[in-house]
Each structure stands twice: as C-alpha cells, then as structure tokens.
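Participant: Sharing a structure with you now.
The values are calculated or read from the model by the stated rules, or taken from the named source; none is laboratory data. As the structure is a prediction and not an experimental result, all values here were calculated from the model. Using ideal geometry, Cβ is built from the backbone for each residue, glycine included, and neighbour counts are taken over all protein chains shown. Calculation scope for accessible area: heavy atoms of the full protein, side chains included, ligands and nucleic acids excluded. Shrake-Rupley method; radii C 1.70, N 1.55, O 1.52, S 1.80 Å.
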2 protein chains.
Amino acid sequence: MYRAPLSEIAFTLTHIAGLEDLRSLPGVEDLSDDLVEAILTEAGRFAAEEIAPLNAIADRTGTPFRDGAVTLPPAWRDLYHRWIEGGWNGLAADPAHGGQGLPLMLYIATLEMWNSGSMAFSICPTLTVGAIEALEKHASEELKATYLDKLVSGAWTGTMNLTEPQAGSDLNALTARAERQPDGTYRIFGQKIYISYGEHDMTDNIVHLVLARLPDAPAGTRGISLFLVPKVLVNPDGSLGARNDVRCAGVEHKMGIHGSPTCTMIYGDAGGAIGWLVGEENRGLACMFTMMNNARLAVGVQGLGVAERAFQKALAYALDRRQGKAPGDDSKGMSLIAAHPDVKRMLLGMQARTQVSRAICYACAHAIDRARLSTTAEDRAFWSDRAGLLTPLAKAISTDFGVESASLGIQIHGGMGFIEETGAAQHLRDVRISTIYEGTNGIQAIDLIQRKLPLAGGAHVKGFIDELSALAAAAAAHSDAGVKALSDPLSAAIADLGRATDWMMEAQAGGRVAEALAGATPYLRLTGLTFGAALLTKGALVEDRDPKATAHRRLLARFFAETLLVEVGGLARDVMGAADSILSYDPMALAS
Amino acid sequence: MYRAPLSEIAFTLTHIAGLEDLRSLPGVEDLSDDLVEAILTEAGRFAAEEIAPLNAIADRTGTPFRDGAVTLPPAWRDLYHRWIEGGWNGLAADPAHGGQGLPLMLYIATLEMWNSGSMAFSICPTLTVGAIEALEKHASEELKATYLDKLVSGAWTGTMNLTEPQAGSDLNALTARAERQPDGTYRIFGQKIYISYGEHDMTDNIVHLVLARLPDAPAGTRGISLFLVPKVLVNPDGSLGARNDVRCAGVEHKMGIHGSPTCTMIYGDAGGAIGWLVGEENRGLACMFTMMNNARLAVGVQGLGVAERAFQKALAYALDRRQGKAPGDDSKGMSLIAAHPDVKRMLLGMQARTQVSRAICYACAHAIDRARLSTTAEDRAFWSDRAGLLTPLAKAISTDFGVESASLGIQIHGGMGFIEETGAAQHLRDVRISTIYEGTNGIQAIDLIQRKLPLAGGAHVKGFIDELSALAAAAAAHSDAGVKALSDPLSAAIADLGRATDWMMEAQAGGRVAEALAGATPYLRLTGLTFGAALLTKGALVEDRDPKATAHRRLLARFFAETLLVEVGGLARDVMGAADSILSYDPMALAS
C-alpha cells in the first residue's frame, strides 16, 4: 500500500526546487513551514488512506456507458465528494472565488500524491484546475461570476475539448464550428474525441471548454476560438436549468486509466450547443495554451506519481519475496530478492528516476510561480522563459521515466508482475498514455528545440547550462568525497549538452530544420538526464537533519550518474550524427 | 494486417545466420533452396491468412475456467487443427516419430511467423516442441513409443511444470513430491503454477512434464527428477483410458496473452497422479535444461515475432495518418506522419531492433543445429558453447527489443495506440511477459556472465569477439562508402566489449562475484548491441539481387550504429563503474 514520501517531497520543494525563494514574493510572505507541513501531511494521509485503496476498483469495473450516461463506481463518487470537502480542489485558485491562493508548487506536490493514489481519479480535478486557470486569465467577469466558484469548490468539473478525429497533434485541421447569436452567445457544432471526464455522474454539471471556428475565421490555428459550454445551462440566479445540446456518444476501451472515462462528445446535433466566448474571437489557442502548459506539467506529475507508487510496491515485494542466494548472505534459507545485486539495480533505477522526475516537476512549478508572482517585469520575463524551457522536460522526462519505472516494477515482481491482481501491471497500463497525451513526447521535443532554445535569442538556455555548471563546481568544492565525485561526470555531461545545444541552434539558424527535428528526441533526453543529474547533485550538497537520508540521496545521485547519465555521450552523438540516415529513410518508397 | 517478411527472413537465414553451412552436414544435404522457399512461403501464408486475423479474438474473450475445464475460443480450436493438419508441429522433430527432421533454423523462422500471427496461440505448440525435445533425448523407448508420435503430430500437446509458489527463479525450493510404485511408475503430488496451456479443450490429451522430488532425494536442484504425467492415461493399445489425478484449479488474469491459459495445476489430491520417470532419478534438471535452452530461444522469437507485427502495424498507420507539415513537404494539406523526422526515427528504431533480434535468434538456432549435427566432437563442442553463449542474448535482447518496439508502436499511433480496438496496445501487453518467463532477463544476464563467459576457459568468448572484429575489418575493406563507415563505430564498440568482458572475467576470477552480478544486465545489453551491430554489418556486406533492399539494409545498419550502438560506451562505464554504489544500497535498512 502507498505511503506518501513526505520527507522527500518537503526536501525537494525546499532544497532543490526553491520553495524558499517564493517567500519574498507578494502573497506568499505568510506561507509558514507549519502550514506547508500541515498541507503535505494531510494530503499524504488523504492520498494514502482514501484514494489509494480505490485505485484498483475502477480499473476492474471501468466506466460503463449507456444511453448517453457514464457511470463511475459509487465508491469513487463518495471519494470525490470527500476530496472536495477537504478543499483540495482550490488549493492554488484565486481566493476571490473561494480558492486558497497557495503557490503552484504546493499544488503540484499534492498532485503527485493524488496521482500516486490513483492517476485515473486525479485526471478529473486536474482538468478542472486547468479550466479554472483558463477562466481566471481569459474569461469575462460575468463568466467568472457564474462558473468559477463552482469549479474552484469542485461542485462542478471542467474539461478540455481540443481533439477531433482528424485533428490531434495538428490543431490546424480542427473543424468544430461556432455561430454567433444575436444575444452574444454562440452555437457550437461538432464532434470531439478523447475527452477525459467529458461525461460522468459525480457532479450535477460539467463545464466544457471547447475549441471551435467561427464562420469567418482565418484558416489554421489563428482562426480558432475558445468557448465555455456547460452540460447544464445555468439560470441567472445560479440554479441549474435545461440540458445543453451536448452529449456523450460513447467511451473508449483503453489499455489503462479505466477509471477515467474517455468520451466522444457531440455538440449541437439538436440545433446547437449554447456556448460563451472565452477571451477574444480567433484567439482561442492562446487561451488554451494557458491550460495546456500547466496541463503538460500536470501530466509529467502523473508520470511521477505513478512511478513513486510503482516503486513502493516493488520495494515492498522485494522485501518480502525470497528466491535464491545473494552473494555474501550466509544465513539459512533463501535470500530476500532485494539482496540480489540485479534487483538492487532495478530498485535504485526506479527510485533515482522518480526523484529526478520530482525535482524537475517541482522546479518547473517553481518557475511558473515566479513568472506569476515576481514584482519586476524582467523577473517575470526570465521566469516565464524558464517555465517554458522546463515544461517540455517535465512532461516528457517524467512520463518516459514513469513508463520505465512501471515496467521495472513489473520486472521486479517476476511472474507475479504479469498477473493483474498484483497491481504492478496496472501502473504500466495507466502511465503508458502519459507519454502520448497533452502533446506526445515527440511534440515536446520539437517544442523544446523550436520554441524554447530560441528564447531570449538563445541566451536563456545558455544561462540555464551555466547554472548547471555552477552546481557541478559547487560539488567539486564540497568536503564530502562522495559529493565531490559527482562533479566530473556532471561536468562531462554538461559539456555534451553544450555541444549538442550549439549544434541544434546552428542547424536551425542555418535552415537545416529537418536535421534538427531528426535529433529532437535524443536531445530532449540528453537535456533531461543532465538537468536531472544536476538537481540530484543540488540535493546531495545539502546536509539533512537525518544522516541516513543524506547518505541515501548522495547514493542515488551517484547511481544516477553511473547508470543513466552515462547515456549522455551516446545521445550527443545520436543528436549530431544520425540525421542523415533518418532523413534518407523513405518509408513511402519502400512500402510501394 | 500482417504480411510475412519472407525476403528478410530468407536473407537473414542465408547471408547472416549461416543456413548454407548446414548443407554439408549429415541429414541436411538434401535441403534445397526450393524446399526452404516452399516452407517459408506456405508458413508465411498460414501465419498471415489463418493465424493473424484471430489474434485479437482470444485477447477479448480470454480462456474462461469453470469446474476444472478451460474453454478456448472455438475459432482457435479450428485453427489449431488446421495447423497440425499442415504438419507444422513436427517440422524439426525426428522422422522416426513422424517429424520432418528439418534444421532448427527453419523451425525458428516459421516460429517467428507463428508469433507474428499470434503469440498467445503459438505458446501451445512451442511447449509441445519443448516436450518432444526432452522426450527424444531422455525418455525410455517405451515412453517414446507411447507419446512421441502423438506429440509430433500435435494430436496431443505438451507442458512444462517447473514453477511452484515458493519456487520461481530458484528451483532449489521445489517441493512437489514423487513416490516410487512397485510397478515402476511413480505417484506425483503437489501444486504447480503458471502452467501455460496446462488445461484446454483443443486436444483429447495433454502430456505434462513435471519436476518433483523423490523421498530420498538430496536437497537442492540435485534432488529433482522429471516425470511424464498424462492428463488422460494411455492404454497399452494406445487408446485413451481413465483421467489421471491431475486437474486445473484455475487460470490467471493477466496483462496480456489472454488467449494462452496460464493454469494452476494440482497433482495428486485424490491419491496421486501416475507418472513415468524421464531420464534418471535426481537428474531431472539436466533433462529440463534441454527443454529450457530451446524454450529460451523460443521466447526470444516471441519478442521478435511480436516486434515484426507491431512494426508492420505502425508503418501502415504512419502511411495512412496525416498530421502537421513535414519539413520539405510543399504539397497541399497535411503530411503523412511517416514523413516527420521523429516518426521516421521511431519506425527505423522498430525495424532495426527487429532485424537485430531476427539475426541473433537465427544465429542461435544455427549454433544449435551445428552442435547437434556436426560430425566431429570438436565441432560439436564448439557449437554447443556458441549456442550456450547466444541463448541468453537471443532471449534477453529480443524480448527487451520486443517490449521497446511494441511501446514505440503505441507511440507512433498517438492516442489511437492507447485504444484497445487499434490492436497496438495488445502487442505490448502480450510481449511484456517475454522478459520475465523462462528465466527473467536478469537471470539471463547472470547466466551469461557466470556460465557462458567461462566456457572453454574464457577462450570461447574471446574467439567470438575476434569474429566480430573480423566483420568490422571486412566492412573497412568494402568498396561501398556506407558499408565502410560501419567499421569504425563497430570497432569502437568491440573494444568496449573487450574491456567490459575482461573486467567481468577478472572480477569473477578474483572472487568479486557481487560486483560482477551488479553489472550483469548492462553487460548483456552491451554484448547484444555489439553483436547485433556486427550481424547487421554482415548483412550490409552482401549485395542482394534487389538494390533497394541492399540500400535499406545498409541504412538500417548505419541507423543502428548511430542511435543504439552509441549506448555501448555508457554501458561499459556502467558495467565497470556502478557496482560499488549498487552494492552499498541496503533497502532493508532504509525500509526499517
């Protein structure tokens, strides 16, 4: 069973990701250590005691669909109501609408625990929080007044409606239509697919945020507008009125996250769903990007949360199961499998990946907080760039590591790992989607090289790499020999990162776009491994109160450098050397 | 849908794995090109037309268990009977019992296709073939006369009964009992788990091979005997008699291979199951190893077969789905996703891994054939060592690559990959077990370093590495610049392999067993990647009739060197550098 890793979460927030920095910013001055500890402790309790035991239930029952309705397991409905009673939904939302106005970093730390409890459950509030952010930033005061309180409390849930059958990664191809009405509202028509929690029976209303095109909109993504379309229309007094013309046409049968209904939504097949514009006409993509950036971080946190849960399960099994004889074990009988070197390697591999994901996700949340709260335009611009740079890393590295960790978790269980009752397989089946949705990890890599490397004319990433070098220098100057030893491999990796970054920027500046694209995926991994090693090094520099914890963090940093960071040399050669063969591959010619 | 890659299969058999070498050996002189082509063509047709369309059916229905009986989908029963009518079961079996006596290489090539058709289906005949091999080598003439014809024809199927709840990787802990009877038979008692096709309704008898202990047996694996225990007793005239005292107590709910019933078998709870000794008392493990070695290769072929199927599916999708705009595509509308550099990388990654798995598995089968058929004791010993060396590589690399390829196949499908109806997810769910059973890949790595590196006093692996160097030299001397360019990265990898191998042998010779064990898994991958690159290079040296195929093989070899072989430097550092941190990890202390 899951136990929230509270000391690692608190340590990462404080000593690696920079929670302390926030306390000088407006609105965060009063954030006391006691409050942080109280929030984390109670969230950990709720995730472990209330959510985690229900994770397997909906995996087995799924979310049956019948006559337009989606039924969730009754235990999940109860859980959701206890969860919103706890006030968890509005942790980072504006106090003007009932939120607690806490930093995103704290929300992300709790989100990790919700996802360890159950990724399928957590998807629902994650989408609601995304809707809250989009409305807070872009909606009219009238829309805010009508919807935000309900979304912040969790009384209603929110959804994101982007994808259509022909428009997935490429939203240019989006065809859902919106027609202006004389009363200022819009009528929405079209089909959306893969809508998580598009329909369910946990709340009495659902607020859909829907991308659609106006009749006179320009082609492509500059002609997309964002609309709020409630499942049930809201009367002027706030009470619920008639059903809107939107319905669920079915749910998908998926490899995992069976507890999260993935809906096909039909808008307007009985005259048009009534919608309200969010932001300006034809500027919907910018509004949606507000949601999408934070949603990308949130998906990274799914990878993190599932990886932590999978690790705990594998560790518990390895400390219970006995097979064979480990070297040096002179006791009678078989050894715990946790004593076998190859199993230790797998356990450390899971834990090191998980700790890196935690550090990167929290650091990304920290950057978003500072971009929002900093008092000078210069600071806000810098941290906005930093958040932009870290978002694709947080999303892709944490989800890739999530899949790798869940798969290692199965492996440690041996044959038991393949048996569904064990639960190890569910973690892999669940987390497998996280490398795909909210922009595939390939899209994240393209985002990183095409939009993030050029930030501040290329100066931002250079400064970022200099910060990593400073950490390597700090390790080199450390008195502990183990910490000191982290410096050389980190410096070597940073040198590879520097070379690969120069190559990427030159390729793109020189119009060799295809060559750069061919190396995007290994470039992202190279960057993430180096950044991850630097963050583990940052943690290793700190002498914690608990010497056992300090020693273990230093061990993890060293293990990561010796077994994962060693990939970096090969990745740099791949980035800079494989484009020609990749681009000369013509699958069309060979298939004919 | 699946199409058998006949030209790649034939090319790999002939030009990479060494089918030609066999024709000078007794019993293979008459193996004509026409016969080989006829067998491969007909197997490919059967796999594509008969097996492949049924792969999804049993995934959905599973194999329901009720009152001791396991029901397979009726379509599968029909398929099985068409399959044995085709004579496929006895391809490599002794003609004295109705087999065709063909080389194992050809059987392995057909086995690839059966697994591409359906891994869950193919498991049944794979186990039967294992039982045939064990009985051919170790059973009395009487047992052979009673059972072999039926097993070779496929009229009856075979099983392997090793695992018990407390005895998985470690057979020392095995507790199933056997008692001698006055009539020379034995009574068998105990519970076995994870028995594939332990019960089913496709044939009227099932021949179980069961490991159990005699009352006076020594402890550990030197006290294990092998018994033949039929589901239905066979009368002296060959007709079927009474049910034996063995029953299925249930089937597992698994992540994948839903069409393959994984049974819990109970022996002897009504007085004792009647069994016959195979081989000598207390020598059962040696007999079982006969089955296990070929079963390990067969599991590698599962990884290969599923990877090929997953690749074809992903390629077809990538040549159909349009999203975004690939660089250099000036046409109207969206590009095929196969035109995007990152998708090309994934497709090449799948195909290169698949081709390497094919080459390694076929090379392993070739070694087994030569170990069996060679006319001098020296040759047989050499090829027996070579088969021993290649078996853990074929098993572990092909199944790791199978999982990686199936996961890439999902990724290429985007959101569709997570939807079960698409079929991409099934490939990952199915193949995920292959890294676990027949000895986890961690066990394969231990087998490689502890039992295979010391073969011929360490001379065998050194000779093997010299052969790889000779291939690098041949590439260096080649007239084609692309082939020539394969030499340097291969030579560099071989140098890393040499260093890591020396380190491993020295560590073990010096009693640093735990250090060697800590590096076993990356050592196996290092060896497999280098061997794989060498085999692709061997193929690239050949000028095929089809210049397009030649060019594509050379491209794959180059791509593999640039994107996968580049891991080798980091792996060598991991092997030689990470033991200390791994061994200093004490999960027991941290958990307390």
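Participant: Got a sec? Charge dipole of the stretch B:452-583, +1 on Cβ for Lys and Arg, -1 for Asp and Glu; which of B:577, B:532, B:490 is way out at the positive end?
Facilitator: B:532
Participant: Provide an ascending nm list, one decimal, of label-point separations from residue A:511 to the equivalent residue in each further copy; define each label point as 7 Å from Cα along Cα→Cβ.
Facilitator: 6.9
Participant: Separate question: Can you list residues from other chains, or at least 5 along the same chain, whose modelled amide H is less than 5 Å from the amide H of residue A:234?
Facilitator: So residue A:234 has HN proximity to A:241.
Participant: Here is a further query. Can you sort B:142, A:164 by 1.4 Å-probe accessible area, starting with the largest?
Facilitator: On the way: B:142 140, A:164 5 Å².
Ranked from most to least accessible, the order is B:142, A:164.
Participant: Return the residues of the stretch B:566-586 for which accessible area with all protein chains present is lower than in the chain on its own by 10 Å² or more; set the probe to 1.4 Å and exclude ligands, DNA and RNA.
Facilitator: B:566, B:570, B:573, B:574, B:577, B:578, B:580, B:581, B:582, B:583, B:584, B:585
Participant: Rank by packing, highest mean first: peptides A:550-562, B:119-131, with packing defined as the count of other Cβ atoms within 10 Å averaged across residues.
Facilitator: B:119-131, A:550-562
Participant: Using just the helices of the protein assembly as shown, give the 222 nm mean residue ellipticity in deg cm²/dmol: DSSP H runs with n ≥ 4 each add -39,500 (n - 2.57), and the total is spread over all residues, rounded to 500.
Facilitator: Details: 45 runs with 639 residues, N = 1184.
Value at 222 nm, helices only: -17500 deg cm²/dmol.
Participant: Next question. For the Cα atoms of chain A, what angle does the longest principal axis make with the long axis of helix A:547-563, in degrees from 0 to 90, nearest 10?
Facilitator: 90 degrees
Participant: Now for a separate question. Using the C-alpha gyration tensor of the protein assembly as shown, what are the square roots of 5 times its eigenvalues, in whole angstrom, with the largest one first? Walk me through the intermediate numbers first.
Facilitator: On the way: eigenvalues 508, 220, 190 Å².
Sorted largest first and rounded, they come to 50, 33, 31 Å.
Participant: Tell me which of A:145, A:181, A:92 sits at the most positive position along the dipole axis of chain A, charges placed on C-beta atoms (Lys, Arg +1; Asp, Glu -1).
Facilitator: Of the options given, the answer is A:92.
Participant: What are the ³J(HN,Hα) couplings of the stretch A:566-572, residue after residue, when phi is run through the Karplus curve with 6.51, -1.76, 1.60 and θ = phi - 60°? Round to Hz, x for glycine and proline.
Facilitator: Once rounded to whole Hz, the list reads 4, 5, 4, x, x, 5, 4.
Participant: So what is the diffusion coefficient of the stretch A:533-585 in µm² per second by Stokes-Einstein at 25 °C and 0.890 mPa s, using a Kirkwood Rh over Cα pairs? Could you put the intermediate results ahead of the total?
Facilitator: On the way: Rh = 13.1 Å.
Estimated via Stokes-Einstein, D reaches 187 µm²/s.
Participant: Please report the projected area of the stretch A:6-153's Cα convex hull averaged over all directions, in nm². Mind showing how you got there, number by number?
Facilitator: Numbers: hull surface 40.5 nm².
Directional mean of the projected Cα hull area for the stretch A:6-153 stands at 10.1 nm².
Participant: Roughly how big is chain B's charge dipole about its Cα centre, with Cβ charges of +1 (Lys, Arg) and -1 (Asp, Glu), in debye to the nearest 20?
Facilitator: On the way: 53 positive and 68 negative charges, 217 e Å.
It works out to roughly 1040 debye.
Participant: Using only the Cα atoms of chain A, what do you get for the radius of gyration and for Dmax, in Å?
Facilitator: Cα radius of gyration and Dmax of chain A are 24.1, 85 Å respectively.
Participant: Grab the other residues whose beta carbon is less than 11 angstrom from that of residue A:455, score K and R as +1, D and E as -1, and report the net.
Facilitator: Values: positive: A:386, A:451, A:452, A:462; negative: A:385.
My count for the surroundings of residue A:455 gives +3.
Participant: A further question follows. Quickly rank A:255-266, A:146-157 as a protection proxy: mean count of other C-beta atoms within 10 Å, highest first. Present the calculation step by step, with values, prior to reporting the outcome.
Facilitator: Values: A:255-266: 24.5, A:146-157: 22.3.
With the highest mean Cβ count within 10 Å placed first, the list reads A:255-266, A:146-157.
Participant: Excluding ligands, DNA and RNA, what is the solvent-accessible area per residue of the protein assembly as shown at a probe of 1.4 Å, expressed in Å²?
Facilitator: Numbers: 40250 Å² over 1184 residues.
About 34 Å² of surface per residue is accessible.
Participant: Please work out the FRET efficiency for the pair residue B:286 and residue A:37, using the Cβ-Cβ distance as r and a Förster radius of 45 Å; give the result to the nearest 0.05.
Facilitator: Details: r = 61 Å, r/R0 = 1.36.
For residue B:286 and residue A:37, the calculated efficiency is 0.15.
Participant: Oh, and also: Say a label goes 7 Å from Cα toward Cβ at residue A:316 in every copy; what distances in nm does this one have to the rest, shortest first?
Facilitator: Here residue A:316 shows inter-copy label distances of 4.2 nm.
Participant: How about the stretch A:27-97: which GluC sites (Glu not before Pro) there are in a DSSP loop, with at most 10 other Cβ atoms within 10 Å of their Cβ? Intermediate values should be presented prior to the final figure.
Facilitator: Numbers: sites: A:29, A:37, A:42, A:49, A:50, A:85; in loops: A:29.
Sparse-neighbourhood loop GluC sites (Glu not before Pro): A:29.
Participant: Give the cross-link partners of residue B:395 among the aspartates and glutamates, using a straight C-alpha distance below 19 Å as the criterion and excluding same-chain residues fewer than 8 apart.
Facilitator: Within the straight-line cut-off, residue B:395 pairs with A:342, B:112, B:133, B:170, B:308, B:369, B:385, B:404, B:430, B:438, B:447.
Participant: Okay, next question. Using just the alpha carbons, could you tell me how many Å³ per residue the convex hull of the stretch A:82-212 encloses?
Facilitator: Details: hull volume 16.9 nm³, N = 131.
Convex hull volume per residue, Cα atoms: 129 Å³.
Participant: Sorting check: for A:524-530, B:513-519, A:1-7, which peptide has the highest mean count of neighbouring beta carbons within 10 Å, and how do the rest follow? Before the final figure, lay out the partial values.
Facilitator: Numbers: A:524-530: 25.9, B:513-519: 23.6, A:1-7: 17.4.
In decreasing order of mean packing, A:524-530, B:513-519, A:1-7 become A:524-530, B:513-519, A:1-7.
Participant: If you don't mind, there's one more thing I want to ask. Just by accessible area at a 1.4 angstrom probe, what is the order of B:76, A:383 from largest to smallest?
Facilitator: If we order B:76, A:383 from most to least accessible, we get A:383, B:76.
Participant: Label position 7 Å from Cα toward Cβ: report the copy-to-copy distances for residue A:462 in nm, one decimal, ordered from shortest.
Facilitator: Output for residue A:462: 5.3 nm, nearest copy listed first.
Participant: Follow-up question, since we're still on this one. For the Cα atoms of chain A, what angle does the longest principal axis make with the long axis of helix A:459-476, in degrees from 0 to 90, nearest 10?
Facilitator: Taking Cα atoms only, the helix is inclined about 30 degrees.
Participant: In whole Hz, what ³J(HN,Hα) sequence does the stretch A:397-406 give by Karplus (6.51, -1.76, 1.60; θ = phi - 60°), x for Gly and Pro?
Facilitator: Values per residue, Gly and Pro as x: 5, 5, 7, 4, 5, x, 5, 4, 5, 4 Hz.
Participant: Kindly give Rg over Rh for the stretch B:373-416, based on alpha-carbon atoms, with the Kirkwood expression for the hydrodynamic radius.
Facilitator: When Rh is taken as the Kirkwood radius, the ratio is 1.40.
Participant: Within a 10 angstrom radius of each residue's Cβ in B:555-561, how many Cβ atoms of other chains show up on average? Whole number is fine.
Facilitator: Taking the mean over all residues of the peptide, I get 4.
Participant: Around residue B:3, with a cut-off of 15 angstrom between Cβ atoms, what is the net charge of the other residues, counting Lys and Arg +1 and Asp and Glu -1?
Facilitator: Values: positive: B:45, B:309, B:313; negative: B:8, B:42, B:49, B:50, B:112, B:308.
Net of charged neighbours comes to -3.
Participant: In Å², nearest 100, what accessible area do chains B and A bury in total when the solvent probe is 1.4 Å?
Facilitator: On the way: alone 23650 and 23650 Å², together 40250 Å².
The contact between A and B buries close to 7100 Å².
Participant: Continuing with this model, one more query. Dividing the convex hull volume of the alpha carbon atoms of the stretch A:157-282 by its residue count, what do you get in Å³ per residue?
Facilitator: On the way: hull volume 13.8 nm³, N = 126.
That works out to 109 Å³ per residue.
Participant: Next question. Heavy atoms only, probe 1.4 Å: what % of the accessible area of the protein assembly as shown goes to carbon and sulfur, would you let me know?
Facilitator: On the way: 21410 of 40250 Å².
So the carbon and sulfur contribution to the accessible surface is 53 percent.
Participant: Across peptide A:459-471, how many C-beta atoms of other chains are within 10 Å of each residue C-beta, on average?
Facilitator: Working: counts 0, 0, 0, 0, 0, 0, 0, 0, 0, 0, 0, 0, 0.
Average neighbour count from other chains, rounded to a whole number: 0.
Participant: When the accessible area of each residue in the stretch B:382-429 is compared between its chain alone and the complete protein assembly (1.4 Å probe; ligands, DNA and RNA ignored), which residues differ by at least 50 Å², being lower in the assembly?
Facilitator: When all protein chains are present, B:411, B:418, B:419 each give up 50 Å² or more of accessible surface.
Participant: Hey, can you grab everything whose amide H is under 5 Å from the amide H of residue A:250? Only 5+ residues off in sequence or another chain; H modelled, so Pro and N-termini drop out.
Facilitator: A:264
Participant: I've got another one for you. Working only with C-alpha atoms, what are the Rg and Dmax values of the stretch A:443-552, expressed in angstrom?
Facilitator: When restricted to the Cα atoms of the stretch A:443-552, Rg and Dmax are 16.1, 53 Å.
Participant: Tell me the trypsin sites (Lys or Arg not before Pro) within the stretch B:315-347 that lie in a loop according to DSSP and have at most 16 other beta-carbon atoms within 10 Å. Could the numbers behind the result be given before it?
Facilitator: Working: sites: B:321, B:322, B:325, B:332, B:344, B:345; in loops: B:321, B:325, B:332.
Hits after loop and neighbour filter: B:325, B:332.
Participant: Using alpha carbons only, how many degrees (0 to 90, rounded to 10) separate the axis of helix A:119-138 from the longest principal axis of chain A?
Facilitator: Here the helix axis deviates by roughly 60 degrees.
Participant: Sticking with this structure for a sec: Between residue A:253 and residue A:204, what length comes free when the chain is fully extended (0.36 nm per residue of separation minus the Cα-Cα distance, one decimal in nm)?
Facilitator: Length gained between residue A:253 and residue A:204: 15.2 nm.
Participant: Given a 1.4 Å probe and the protein chains all in place, what does the accessible area of residue A:467 round to, in Å² to the nearest 10?
Facilitator: Probe radius 1.4 Å; accessible area of residue A:467 about 80 Å².
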